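S.K.: Below you'll find the structure I mean.
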Amino acid sequence: MRLTVFWQRMAEHFGTASYAEMFARDHVMSELGGRTVNEALDAGWAAKDVWRVVCTVMDVPSEKH
């Protein structure tokens with residue numbers, strides 16, 4: 001998954017790009033090793049793997065996975 005697709009899906013799920021950015025910056029998830037989305041991406045996690053974690057943690061409907 002390309003980062004552009006990742007961020008598009010984040011914005012679609014969270015409603016606005018600014019809220020998606022805030023979530024990615026501030027929400028720490030144990031499933032990402034105690035990292036935020038941004039920290040996980042910066043640490044080299046694949047965007048598709050981060051998206052899967054977001055989907056699990058935030059109960060994203062399966063049709064959006």
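The values are calculated or read from the model by the stated rules, or taken from the named source; none is laboratory data. Source: prediction; values computed, not measured. So basically every Cβ, Gly included, is an ideal-geometry build from the backbone, and we count neighbours across all protein chains shown. Just the protein is used for accessible areas: all its heavy atoms, side chains included, with ligands, DNA and RNA removed. Shrake-Rupley method; radii C 1.70, N 1.55, O 1.52, S 1.80 Å.
S.K.: Go ahead and collect, in residue order, the members of segment 1-30 whose backbone nitrogen is under 14 Å from a label point 7 Å along the Cα-Cβ direction of ASP49.
M.R.: In segment 1-30, the label zone of ASP49 (backbone N under 14 Å from the point 7 Å along Cα→Cβ) covers 1.
S.K.: Continuing with the same structure: Would you work out if the chain is rounded, prolate or oblate? Take a ≥ b ≥ c from the square roots of the eigenvalues of the alpha-carbon gyration tensor; rounded if a/c is under 1.5, else prolate when a/b is larger than b/c, oblate otherwise.
M.R.: In terms of gyration-tensor shape, rounded.
S.K.: Expressed in nm to one decimal, what extension gain is obtained for the pair HIS65 and ASN38 from 0.36 nm per residue of sequence separation less their Cα-Cα distance?
M.R.: 7.8 nm
S.K.: Further question: Probe radius 1.4 Å, ligands and nucleic acids ignored: give me the carbon and sulfur share of the accessible area of the chain as a rounded percent.
M.R.: Carbon and sulfur: 49 percent of the exposed surface of the chain.
S.K.: Shifting gears a bit: Could you order TRP51, TRP45 so the one with the most accessible surface comes first? Probe is 1.4 Å.
M.R.: Ranked list, largest accessible area first: TRP45, TRP51.
S.K.: Still on this structure, I have one more. So what are the ³J(HN,Hα) numbers for segment 31-46, from phi and the Karplus equation (6.51, -1.76, 1.60; θ = phi - 60°), rounded to whole Hz, Gly and Pro as x?
M.R.: Along segment 31-46, the couplings run 5, 9, x, x, 10, 7, 4, 4, 5, 5, 4, 5, 7, x, 5, 6 Hz.
S.K.: Over the chain, what is the mean sequence separation of C-alpha contacts under 8 Å (at least six apart), divided by residue count, expressed as relative contact order in percent?
M.R.: The value is 27 percent.
S.K.: Under the Karplus relation 6.51 cos²θ - 1.76 cosθ + 1.60, θ = phi - 60°, what is the ordered set of whole-Hz ³J(HN,Hα) values for segment 14-19, x standing for Gly and Pro?
M.R.: In residue order, the calculated couplings are 8, x, 9, 4, 5, 5 Hz.
S.K.: Taking H placed 1.01 Å from N in the peptide plane, check which residues at least 5 places from ARG35 or on another chain put their amide H under 5 Å from its amide H.
M.R.: Here MET29 satisfy the definition.
S.K.: Continuing with the same structure: How much accessible area does HIS13 have with a 1.4 Å probe, in Å² rounded to the nearest 10?
M.R.: The accessible area comes out at roughly 50 Å².
S.K.: Hey, what's the chain come to in accessible area per residue, 1.4 Å probe, Å²?
M.R.: Result: 62 Å² per residue.
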